[in-house]
1. Let's test the formula: R0 of 25 Å, r as the Cβ-Cβ distance of Ser52 and Gln72. What FRET efficiency results, to the nearest 0.05?
2. Which lysines have a Cα less than 16 Å from the Cα of Lys165, not counting those fewer than 8 places away in the same chain?
3. Exactly which trypsin sites (Lys or Arg not before Pro) in segment 90-198 are in a DSSP loop and have at most 15 other Cβ atoms within 10 Å?
4. Where does the chain land at 222 nm, in deg cm²/dmol rounded to the nearest 500, when only DSSP H runs of n ≥ 4 count, each adding -39500 (n - 2.57), divided by all residues?
5. Given a Förster distance of 22 angstrom, what is the FRET efficiency for Phe104 paired with Arg18, based on the Cβ-Cβ distance and rounded to 0.05?
6. Which translational diffusion coefficient, to the nearest whole µm²/s, is obtained for segment 27-118 from the Stokes-Einstein equation, given a Kirkwood hydrodynamic radius over C-alpha pairs, 25 °C and 0.890 mPa s?
7. If packing is taken as the average number of other Cβ atoms within 10 Å across a peptide's residues, how do 117-125, 80-88, 33-41 rank, most packed first?
8. Can you give the extra length, in nm with one decimal, that the chain gains between Val170 and Lys34 once fully stretched, where that is 0.36 nm per residue apart less the Cα-Cα distance?
Amino acid sequence: MQPLTTTSATSVEISTERLSIRPYTLEMAPTFWKLLSQNRARLLPDFPDRTSAVMTLTDAQNRIKVFMAQHQSGDLYSFGIWRKETGDYIGDITLRRLARGKPFSEVGYYLGEQAEGHGYATEALKGIARHAFQDLKMESINLRCTIDNARSKRVAERSGFTHLKTYTPVLQDSAGAPSSPIHVYRLSKDDTNAALLW
């Protein structure tokens, strides 16, 4: 089934078989905040900035205002992931330019705990990759995950990304322990795997 992508200067909606992937609006703040609050402990290690910056509903509203400005400027594109069948908000996926005005990006995502294990992350990642290549004219997309994050590695591979490199950050984690090695995956628009997105 061909995905539907509707774009304008201020709005984008990406439709996959089971998901509606939409830029944040202020009306989404309560559900955005609720999911973060319910999953704070499990999301904190991988998303410390997001989880620490959104502690209250007002924080969520302020963060969404930032998302909207970033989306408009083309620096960072943050989307909520909604399940079509039930209409519920299940997670977040973000595409960030690696350098202003350049066609290279990095993707990050998270799901609420109850939404994991159903293939939604893979479906959302494929939808965002199509949007990045077709509409945003990106050349490549990177995805990073810790070496022990088997679930994210599988999502990357199922979405056509290939392993590029592994590195160990110099910085320590919040507890002062050495950081875990990081896998970097990449999908380029000219890759054979990218053709399978359509």
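1. The calculated FRET efficiency here is 0.50.
2. Lys153
3. Arg100, Lys137
4. Roughly -9500 deg cm²/dmol at 222 nm, from the helical runs in the chain.
5. Working from the Cβ atoms, E equals 0.15.
6. 177 µm²/s
7. Sorting 117-125, 80-88, 33-41 by mean packing, highest first, produces 117-125, 33-41, 80-88.
8. Numbers: separation 136, 0.36 × 136 = 48.96 nm, distance 3.35 nm.
Answer, rounded to one decimal: 45.6 nm.
We did not get these values from a lab; they are worked out from the coordinates using the rules stated. Computed from a prediction, not measured in an experiment: that's the story for all the values here. Note that we place each Cβ from the backbone using ideal geometry, even for glycine, and neighbour counts take in every protein chain shown.
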